[in-house]
Amino acid sequence: MTTTETSTTIDGAATPDPWRGFETGPWTESVDLRDFILRNYTPYEGDASFLAGATEKTQRVWETLEKEYLSVERERRVYDVDVDTPADVDAFPAGYISSDDDVIVGLQTDVPLKRAMMPSGGWRMVETAIREAGKEPNPAVKEIFTKYRKTHNDGVFDIYTPRIRAARSSHIITGLPDAYGRGRIIGDYRRVALYGVDFLIAEKTKDKDAVADQPFSEHWARYREEHSEQIKALKKLKNLGAQYGFDLGRPAATAQEAVQWTYFGYLASVKSQDGAAMSIGRLSGFFDAYFERDLAEGTITESDAQEMIDALVIKLRIVRFLRTIDYDQIFSGDPYWATWSDGGLGEDGRTLVTKTSFRLLQTLRNLGPAPEPNITIFWDETLPDGYKEFCAAISIETSAIQYESDEQIRERWGDDAAIACCVSPMKVGKQMQFFGARVNAAKALLYAMNGGRDEVSGKQIVTGYEGVQGDGPLDFDDVWNRYERMLDWVVGTYVEALNIIHYSHDKYAYEAMEMALHDSEIIRTMGCGIAGLSIVADSLAAIKYAKVTPVRDETGLIVDYVTEGDFPTYGNDDDKADDIAATIVHTIMQKIKAIPMYRDAIPTQSVLTITSNVVYGKATGSFPSGHEAGTPFAPGANPENGADTHGMVASMMSVGKLDYNDALDGISLTNTITPAGLGRTKEEQVGNLVGILDSGFVPQD
Amino acid sequence: MTICEATPTTGADGASGDQGFEAPVGRAAGAGLVGLELSDADRSEKFARMRAGELGSVHSWELVTAVDGPGTRMTIFLSGCPLRCLYCHNPDTMAMRNGEPVEASELLLRIKRYRRIFKNSGGGITLSGGEVLMQPAFAATLLRGAKEMGIHTTIDTSGFLGAACTDEMLADIDLVLLDVKSGDPETYRKVTGRALEPTLKFGRRLAEFGTEIWLRFVLVPGLTDDPANVETIAEYAATLPTVSRVEVLPFHQMGKDKWESLGIPYELGDTQPPTNAEVDRVRDQFRAKGLTVY
Ligand code: SF4
């Protein structure tokens with residue numbers, strides 16, 4: 001498409017009515033994206049035959065990117081770092097991939113893949129990352145962030161208690177967001193396009209002053225201060241638009257602008273925050289309203305629409321943050337979780353699948369597979385067949401799609417929810433999460449049996465707890481009681497750390513840009529997580545159903561176990577073991593709930609994979625289940641490696657028994673399916689994958 | 001619940017890059033009887049109940065997709081087999097005493113539990129082994145029970161004991177995976193230790209009865225790969241109008257460890273999997289007869 005006829009420069013050429021052709025409703029009076037979408041999107045029940053391939057321009061841009069940047073980056077890990085400019089929404093001048101890069105524009109810095117410093121999280125991480133990238137930090141910048149400007153990391157360690165420090169150093173609690181951005185916040189980037197930034201500033205100003213006549217309280221002061229920060233961020237967002245020649249003050253008037261404006265909202269966020277997960281939300285239905293209108297007006301073609309989505313996805317694939325090698329190890333690479341949620345049903349029963357849902361999947365064919373954006377489909381048996389089959393076909397071709405149960409998410413969080421990171425659902429623009437990483441629930445079992453001594457170092461980490469007595473076989477009730485008591489300490493320490501972290505993050509590294517694209521009153525959840533579920537479940541099953549004898553070293557520390565006899569294992573649709581797993585998740589959730597949360601957050605729990613399993617495994621000893629010291633945990637809610645002997649679908653049934661109410665932040669099961677393992681022909685493969693997904697997300701009889 | 005799909009591994013190892021025979025990717029070795037209560041009937045009672053079809057000797061079960069018939073299926077491996085195939089990947093199922101006593105009612109409960117999965121995926125149950133027709137009464141009970149629940153049924157058999165399959169039982173079977181291990185009777189005996197004719201006869205009976213057949217043939221270099229041997233099976237397959245597909249399964253060294261751990265001499269220790277070209281040649285021989293071949 002030609003951008004000239006639709007893009008308007010700041011000098012103010014006349015723009016058409018941005019809302020022309022849309023059905024009006026409450027959304028025209030106040031910010032209400034859901035209302036806009038439900039009134040204006042076109043459900044699509046057909047198949048993929050309407051889709052367009054990659055345009056020549058798309059191919060040229062992608063090739064340039066691959067040849068000149070991505071291939072270089074792969075060789076040296078980090079393409080480049082700007083060591084002089086602390087990042088911000090409008091800190092860098094405009095940058096482009098190439099002269100062809102004019103469909104959806106905007107880079108995090110002035111050069112593709114060049115990473116920016118975000119020192120508000122903590123200076124040490126930034127400095128380490130700069131050195132690991134082979135560069136020297138700028139002493140002036142270092143001075144600012146070590147001498148004059150306190151960081152999130154400084155704040156956290158000023159508050160941390162001795163027990164948190166002990167738990168961190170023994171790795172029973174690791175990977176906490178105390179030195180890096182927490183992420184897990186999805187700005188409602190669509191608001192930028194639908195309303196324009198001026199309107200959003202006016203609304204935020206109104207909200208800020210709505211409380212102006214109330215008396216002082218700390219809550220009140222924080223509310224007003226945060227709103228001021230949000231308004232400043234929105235003004236910077238306008239600057240960012242101006243740098244690229246756009247007036248973001250007004251609403252988007254065309255589909256191209258809608259995509260561009262929305263992307264600028266996201267770009268502003270990834271220019272100012274390097275959170276562990278920077279997800280983009282649920283965009284397809286929103287964009288689709290604009291595409292349908294412009295297609296009907298005859299101003300764009302299908303190929304133009306596809307080119308815009310392709311261009312956006314290219315931009316989402318080159319988001320980069322300055323990370324340390326250590327960080328990469330915890331997260332197994334360099335993920336940023338630009339999760340894009342799609343599919344699902346509306347509360348009115350209509351499918352939310354649109355042609356743009358297909359266009360998004362088509363990017364995986366047009367550009368080839370890639371892990372980002374992390375496309376996440378809200379699956380339901382009743383999704384249109386054409387879409388289900390297309391999802392399955394693309395999954396088989398690229399294995400780059402993740403699936404969630406739509407029903408579970410919709411019933412709890414409504415039909416305009418999106419996933420932050422891998423599994424955490426939230427109402428877009430109305431809810432945020434305090435990211436809680438994970439606590440090592442498996443190691444807690446070993447602490448319980450060793451009375452708080454660390455099984456690896458032998459150090460006494462927790463005092464006041466007695467371990468199992470004697471050398472005879474372990475008794476299930478005795479071990480369970482000790483485990484429950486130890487969990488009080490572990491969970492208490494863990495949540496204490498999280499409260500401190502998020503208090504400090506709000507203070508020193510507040511996400512003003514993302515929060516400016518939220519309502520003023522929002523739901524906050526505390527996303528607690530556990531690692532090692534299958535190990536605890538199998539170990540407790542072994543203690544209950546087989547004979548487990550502890551092996552002690554000369555100091556009396558239990559360092560190993562001799563397990564004789566058979567025992568049921570989690571992951572085979574065997575209620576005996578699966579019930580233990582469900583009880584563990586439930587018990588931990590009860591303990592979390594009993595603790596007051598920062599900012600009255602609603603506690604939630606996840607049992608998910610974020611691939612830190614290698615790191616957790618390394619720091620943990622041997623188990624009654626036969627899990628060996630130092631070896632990786634299975635990811636998320638997966639069964640132990642090799643313990644799932646009855647097929648993948650059986651393991652899905654087991655995971656399905658964990659109560660979603662105990663794990664509202666999500667449960668993950670990672671499965672690797674080879675296309676050949678799904679059938680002889682492509683058609684058979686597609687049919688079988690659809691069958692597996694349909695089976696996995698429905699309650700059993 | 002969530003399924004995060006990870007990067008796929010490449011296809012099954014082995015020269016042809018195809019699925020292994022009877023033990024493809026995604027199937028765990030040594031699957032057990034998880035979730036099933038074992039019967040505690042005493043010896044004499046056991047025999048009586050086995051004859052009545054209420055009790056069976058079962059090796060294991062699992063849920064598999066695209067392996068033992070269409071869709072996602074619960075495959076139940078029964079113990080005991082009259083053949084002694086040189087390449088058997090499950091030699092521990094050859095002897096019936098190696099199985100565990102399981103009530104038909106217990107298995108039917110488990111089958112019922114997965115009804116919805118079968119419906120969603122177009123799958124069902126598959127009775128395999130060992131040799132399912134070693135326990136015809138038990139198999140009949142399971143097949144009847146499944147049909148009463150409206151579930152698609154498949155048996156995976158060598159056909160050697162086809163005579164044990166009553167017409168009543170046949171009426172409860174939707175699909176037969178018929179393993180024809182050779183076309184030439186001499187070779188058949190070499191491979192299995194038994195005669196070929198009962199299998200051929202059973203196949204003809206299935207065709208007359210109108211039962212759908214997937215004919216399977218394991219291609220073992222130096223043992224079953226003689227073009228003339230293959231040609232005979234292809235010709236035979238072409239005479240059966242209910243054969244809807246032929247699966248040529250390239251030999252893999254899947255069962256080697258099991259043979260060794262059971263202490264039985266294993267003759268195919270040095271046999272290599274067939275090359276892609278050999279597999280293609282054999283598939284083409286079947287295709288030339290107008291059959292659908294994978
Ligand atoms: S028929 Fe099957 S189970 Fe029996 S010996 Fe042959 S391969 Fe093994």
Picked from region A:370-389 (must be in a helix (DSSP H, G or I) and surrounded by fewer than 22 Cβ atoms within 10 Å (Cβ to Cβ)), the residue farthest from the other protein chains (Cβ to nearest Cβ) is A:386
Filter region A:672-690 down to the residues that are at pLDDT 85 or above and at the interface with chain B (Cβ under 7 Å from one of its Cβ atoms) and list them by number. A:678, A:679, A:680, A:684, A:687, A:688
Go through region B:32-64 and report how many residues are away from chain A (no Cβ under 14 Å) and open to solvent by less than 30 Å² (accessible area, probe 1.4 Å). 6
Go through region B:244-269 residue by residue and tally those that are assigned to a helix (DSSP H, G or I) and touching a helix residue (DSSP H, G or I) at 6+ places or on another chain (Cβ under 9 Å). 4
Quick check: anything in region B:65-73 within 24 Å of residue B:160 (Cβ to Cβ), buried (at least 21 other Cβ atoms within 10 Å of the Cβ) and more than 13 Å from the chain's Cα centre (by Cα)? no
When the residues of region A:640-652 are narrowed to those that are open to solvent by 10 Å² or more (accessible area, probe 1.4 Å) and on the phi < 0 side of the Ramachandran plot, which ends up farthest from the other protein chains (Cβ to nearest Cβ)? A:640
Criterion first (open to solvent by 10 Å² or more (accessible area, probe 1.4 Å) and assigned to a loop (DSSP other than H, G, I, E, B)) does residue A:635 satisfy it? yes
When you scan region A:201-211, do you find a residue that is open to solvent by 20 Å² or more (accessible area, probe 1.4 Å) and assigned to a loop (DSSP other than H, G, I, E, B), even just one? yes
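Give the number of residues within region B:89-102 that are open to solvent by 30 Å² or more (accessible area, probe 1.4 Å) and within 16 Å of residue B:263 (Cβ to Cβ).
Total meeting the criteria: 3.
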Here is a check on your reading of the model: is residue B:261 more than 15 Å from the ligand (Cβ to nearest atom), open to solvent by 40 Å² or more (accessible area, probe 1.4 Å), more than 22 Å from residue B:77 (Cα to Cα) and out of contact with any Lys or Arg (no Cβ under 7 Å at 6 or more places or on another chain)? no
Looking at the structure I just gave you, is residue A:167 assigned to a helix (DSSP H, G or I), touching a strand residue (DSSP E or B) at 6+ places or on another chain (Cβ under 6 Å) and in contact (Cβ under 8 Å) with a residue 60 or more places away in the chain? yes
Across region A:518-577, which residue is farthest from the other protein chains (Cβ to nearest Cβ) among those that are open to solvent by 30 Å² or more (accessible area, probe 1.4 Å) and within 20 Å of residue A:653 (Cα to Cα)? A:567
Qualifying residue in region B:205-224 (condition: open to solvent by 30 Å² or more (accessible area, probe 1.4 Å), over 15 Å from the mean Cα position of the chain (by Cα), within 16 Å of the ligand (Cβ to nearest atom) and of a type outside the set (Lys, Arg)): no
Here the residues within region A:406-446 that are within 14 Å of chain B (Cβ to nearest Cβ), of a type in the set (S, T, N, Q) and buried (at least 24 other Cβ atoms within 10 Å of the Cβ) are A:424
Given the options A:669, A:658, A:664, A:693, name the one that is more than 7 Å from chain B (Cβ to nearest Cβ), in contact with a helix residue (DSSP H, G or I) (Cβ under 6 Å, 6 or more places away or on another chain) and under 26 Å from residue A:529 (Cβ atoms). A:658
Of (1) in a helix (DSSP H, G or I); (2) open to solvent by 20 Å² or more (accessible area, probe 1.4 Å); (3) touching a helix residue (DSSP H, G or I) at 6+ places or on another chain (Cβ under 8 Å), residue B:241 fails just (1)
Condition broken by residue A:105, with the remaining ones in (1) open to solvent by less than 20 Å² (accessible area, probe 1.4 Å); (2) modelled with pLDDT under 95; (3) of a type outside the set (S, T, N, Q) satisfied: (2)
For the list (1) more than 13 Å from chain B (Cβ to nearest Cβ); (2) assigned to a loop (DSSP other than H, G, I, E, B); (3) modelled with pLDDT under 85, I need the number of the one condition that residue A:630 fails. (3)
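Got a number for residues in region A:55-75 being under 14 Å from residue A:309 (Cα atoms) and without any contact (Cβ under 8 Å) to a residue 40 or more places away in the chain? Lay out the reasoning, then the answer.
First, the residues of region A:55-75 that are under 14 Å from residue A:309 (Cα atoms): A:55, A:57-59, A:61-62.
Subsequent filtering for residues that are without any contact (Cβ under 8 Å) to a residue 40 or more places away in the chain retains A:59.
Of the residues in that region, 1 qualify.
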(1) out of contact with any Pro (no Cβ under 9 Å at 6 or more places or on another chain); (2) open to solvent by 20 Å² or more (accessible area, probe 1.4 Å); (3) within 9 Å of chain B (Cβ to nearest Cβ) all hold for residue A:625 apart from (3)
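The values are calculated or read from the model by the stated rules, or taken from the named source; none is laboratory data. Just so you know, these numbers come straight off a predicted model, no measurement behind them. We place every Cβ from the backbone using ideal geometry, glycine too, and count neighbours over all the protein chains shown. Side chains are part of the model used for accessible areas, which takes the heavy atoms of the whole protein and leaves out ligands, DNA and RNA. Shrake-Rupley method; radii C 1.70, N 1.55, O 1.52, S 1.80 Å.
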